[in-house]
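Visitor: Supplied in structure tokens, the structure appears directly below.
The values are calculated or read from the model by the stated rules, or taken from the named source; none is laboratory data. No experiment lies behind these values; they were computed from the predicted model shown. Cβ coordinates were reconstructed from backbone atoms using ideal geometry, including for glycine residues, and neighbour counts include every protein chain displayed.
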Amino acid sequence: MILAVSDWHLGYKRCNLDAIIDFLDHYQNTEVDHFILLGDIYDLWRRNNADLIKENDEIMAKLNDLKAKNIYYVAGNHDYYILDLNKKYNHEYEGIISEYLRLEDF
């Protein structure tokens, strides 16, 4: 199974946080081959980066608890700074953070 999401805009006042939590809870016990975050997961344009990431720790913990074989984070224009954070912390995140993603079926 492949799940792909985008435009959560975590940290923005109009973000539907309850729907995101419900979505993640719904798939908590589902085997997922690829979970793809297609950008604008955080809204780093409007908020302090450190505070915003810290405030949404519950969401990231739920993401990490998913039974996903692979997690990919493709940075969007609102969260492009996540690429710099990934480099700064030596790619310690378990998923793959990149500017683009190509999945191929062999």
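Visitor: What are the pairs, 6+ residues apart or on separate chains, where a residue within segment 50-72 that is assigned to a strand (DSSP E or B) has its Cβ under 7 Å from a residue that is among the small types (Gly, Ala, Ser)?
Guide: Ile71/Gly95; Tyr72/Gly95
Visitor: Still on this model: Residues of segment 1-51 being touching an Asp or Glu at 6+ places or on another chain (Cβ under 8 Å) and polar (S, T, N, Q), which ones?
Guide: Within segment 1-51, Ser6, Gln28 meet the criteria.
Visitor: Return the pair list, or none, for Cβ contacts closer than 8 Å from residues in segment 76-93 that are at pLDDT below 80 to residues that are in a loop (DSSP other than H, G, I, E, B), at least 6 apart or on different chains.
Guide: Note: pairs meeting the criteria are Asn86/Tyr93.
Visitor: Tell me which residues, restricted to segment 8-31, are touching a residue at least 12 places away in the same chain (Cβ under 8 Å), part of a loop (DSSP other than H, G, I, E, B) and exposed (fewer than 13 other Cβ atoms within 10 Å of the Cβ).
Guide: Gln28, Asn29, Thr30, Glu31
Visitor: A further question follows. Can you name the residue in segment 40-49 that is part of a loop (DSSP other than H, G, I, E, B) and modelled with pLDDT under 85 and is also surrounded by the most Cβ atoms within 10 Å (Cβ to Cβ) among such residues? Break it down into steps so the answer makes sense when it comes.
Guide: Residues of segment 40-49 that are part of a loop (DSSP other than H, G, I, E, B), as a first pass: 40-41, 43-48.
Next, from what is left, pick out any that are modelled with pLDDT under 85: 46-48.
Values: Arg46: 12, Arg47: 16, Asn48: 11.
The selected residue is Arg47.
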